[in-house]
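What follows is a single structure, written as C-alpha cells, with notes after it.
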Amino acid sequence: MGELNKEVVDLVWKRPGSNGVSASLFRRWTQGLVFSETEHTALEQFEGGPCAVIAPVQVWTSPRPDKVLSLTSKLREEVVSLYETWKGRCGVLLFLYSVILTKGIVNIRNEIEDTTEPLVDPVYGHGSQSLVNLLVTGHAVSNVWDGDRECSGMKLHGIHNQASVGFLTLMESLRYCKVGAFLKSPKFPIWILGSETHLSVFFAKEMCLVAPESPSEQARRVFQTFDPEDNGFIPDSLLEEVMKALDLVSEPEYYVSLMKSKLDPEGLGIVLLAPFLLEFFPDQDTGIPDSFPVYHYNGLKQSNHNERVEYVQGTALVLGFEDPMVRTDDTPVKRCLQTKWPYIELLWNTERSPSLN
C-alpha cells in the first residue's frame, strides 16, 4: 500500500531527480470541495492551482438542462454520497487521488505524452493539460486536437471521441494550440475555459448549441485534420484525400481535377478552407439562435465582483458576421469564446465583464 501511495504522489507531484513540491505550493492544494455561501451550487477556490480539479467538478454542479442532470446522475450520486469527505481540508486531493486509482496509474502513464512531467507543475502549481483531459474526458492525453498525429516518427495522442463537456482556451486565440471539434463541440453546452494560469466555466441551457455535427462542421473538421498547423489551406495534392474522406468523390480523375481548377483558379497549388466549404456546403443553417442566455463561473473570490463567488449571467449574440453596431468590449472571455464562435458578442448583466483569471 505504501508503494502504491508513493506512485500516486510521484505521478501528481514529482519530476525525476527533483525533491518534489514545496510546502507553500502544496498548501494551496489542501482545500476541500466547498460551496460558496452566496451561490450554493458554485464551488469556491481559495488559492491558485487546484482549478484543474475544481473546474471539472463544477461542471457537474452548475445549473443546466434536466437532460444533462439525468445523464450524469451516476457521477453526481458518487460525489454527493462522499461529500463529507470531499469538503474536508484535503478533499480536492482525495478526490484527485481516487480518480487516479480508479483509472489506474499504469493506464494514465500510458496515455501521458511525457511521463517525466507530473500532473501538477511543481514550480507554479498549475494542473497539466493531461490532468484536465483526464477529468473532462477520462483520458490523460496531453493534447487537445482530434485523433492522433505523427511528428518525427512519434505518435502524439489527442481526443478520440466527442466529449460530454467541452474545453476552449485563450491559448488558441494566441495561436499556441488548436482545440479539436471533439472538445469544441461537446454533447452538452458546457465549456471549461482556459487562460494562461486559470480555469473557469462557461455554460448555457440551449441544447441546440450542441446539436449533432452538421455536414459542413464535419467537413471543416476533416479539412483541418489535413491542415494541422491551422493555416486555413491545404496543398491541392491533398484535395482528393479530403474529398474521399467526406464521400465527395465519384469520378476521381475528372472530378478532382475539375475541383482543383475551380478552387485554385490562379494555380497557386493550394485549396482554401472557406471556398471549399462554400463549394460543397453552401448556405447551411447551423440551427443556432441569434441570441441566448449564457453564464460564467470563476471559483476565485478575488476574481468576482465584490469578492462573491456567483454565476455571472449575460446574453450571447452569434450573428455569423461582424456587425459594428453590436460590437462589445474585447475581453479575454470573448477572445476565448471566439475560437468557437468567431463573431460572438457578449452582453453581461453586471457592471464589469467576468474574469478569465
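The values are calculated or read from the model by the stated rules, or taken from the named source; none is laboratory data. No experiment lies behind these values; they were computed from the predicted model shown. Neighbour counts are summed over all protein chains in view; Cβ atoms, including those assigned to glycine, are modelled from backbone coordinates with ideal geometry. Accessible surface is based on the protein model in full, side chains and every heavy atom, while ligands, DNA and RNA are left aside. Shrake-Rupley method; radii C 1.70, N 1.55, O 1.52, S 1.80 Å.
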What residue among Ser24, Ser128, Ser195 shows peak mean-square fluctuation when the chain is described by a Gaussian network model with Cα springs under 10 Å?
Ser24
At R0 = 25 Å the Cβ-Cβ FRET efficiency linking Ala274 and Arg335, nearest 0.05, sits at 0.75
Inter-part gap, Cα centre of segment 229-297 to Cα centre of segment 151-205, in whole angstrom, is 22
Apply the Karplus curve 6.51 cos²θ - 1.76 cosθ + 1.60, θ = phi - 60°, to the phi angles in segment 300-307 and return the couplings in whole Hz, x for Gly and Pro.
7, 3, 5, 8, 9, 4, 6, 6
Kindly state, to the nearest 0.05, the FRET efficiency for Lys87 paired with Glu113, given R0 = 41 Å and r defined as their beta-carbon distance.
0.75
Gln313 versus Ile105: modelled label distance in nm, points set 7 Å from Cα along the beta carbon direction
4.8
So what are the ³J(HN,Hα) numbers for segment 162-167, from phi and the Karplus equation (6.51, -1.76, 1.60; θ = phi - 60°), rounded to whole Hz, Gly and Pro as x?
4, 7, 5, 10, x, 8
Label-point gap, in nm, between Lys205 and His40 - each point 7 angstrom along Cα→Cβ:
1.7
Mean separation of Cα contacts under 8 Å (6+ apart) over length of segment 191-338, as relative contact order %
26
Percent accessible area from carbon and sulfur atoms, segment 291-348, protein chains only, probe 1.4 Å
47
Amide N of segment 193-221 lying under 12 Å from the label point, which is placed 7 angstrom from the Cα of Thr350 along Cα→Cβ
201
Using Cα pairs closer than 8 Å and at least 6 residues apart in sequence, work out the relative contact order for the chain, in percent.
16
Let me have the relative contact order for segment 3-207, percent, based on Cα pairs under 8 Å that are six or more residues apart.
20
Per residue, in Å², the accessible surface of the chain once ligands and nucleic acids are set aside, probe 1.4 Å:
51
Which lysines have a Cα lying under 17 Å from the Cα of Lys103, excluding residues fewer than 8 positions away in the same chain?
Lys6, Lys74
Expressed as a whole percentage, what fraction of the accessible surface of segment 215-281 belongs to carbon and sulfur atoms when a 1.4 Å probe is rolled over the protein heavy atoms?
52
Modelled FRET efficiency - R0 25 Å, Arg149 with Glu213, Cβ distances, 0.05 increments
0.75
Carbon-plus-sulfur fraction of the accessible area of segment 3-207, 1.4 Å probe, in percent?
54
Rg(Cα)/(2.2 N^0.38 Å) for the chain, N = residue count
1.07
Averaging 1/r across every pair of distinct alpha carbons in segment 3-207 and inverting yields a Kirkwood hydrodynamic radius, in angstrom, of 17.6
Run lengths n ≥ 4 of DSSP H only: what is the helix-derived mean residue ellipticity at 222 nm for the chain, with -39500 (n - 2.57) per run over all residues, to the nearest 500?
-9000 deg cm²/dmol
With a point put 7 Å past each Cα toward its Cβ, work out how far Cys177 is from Asn357 in nm, to one decimal.
1.9
Ranking request for peptides 116-122, 180-186: highest mean number of other beta-carbon atoms within 10 Å first, then the rest in descending order.
180-186, 116-122
So which lysines can Lys334 reach, going by Cα to Cα under 18 Å and dropping same-chain residues fewer than 8 places off?
Lys178, Lys184
5 angstrom amide H check on Val34, placed H, neighbours 5+ away
Glu44
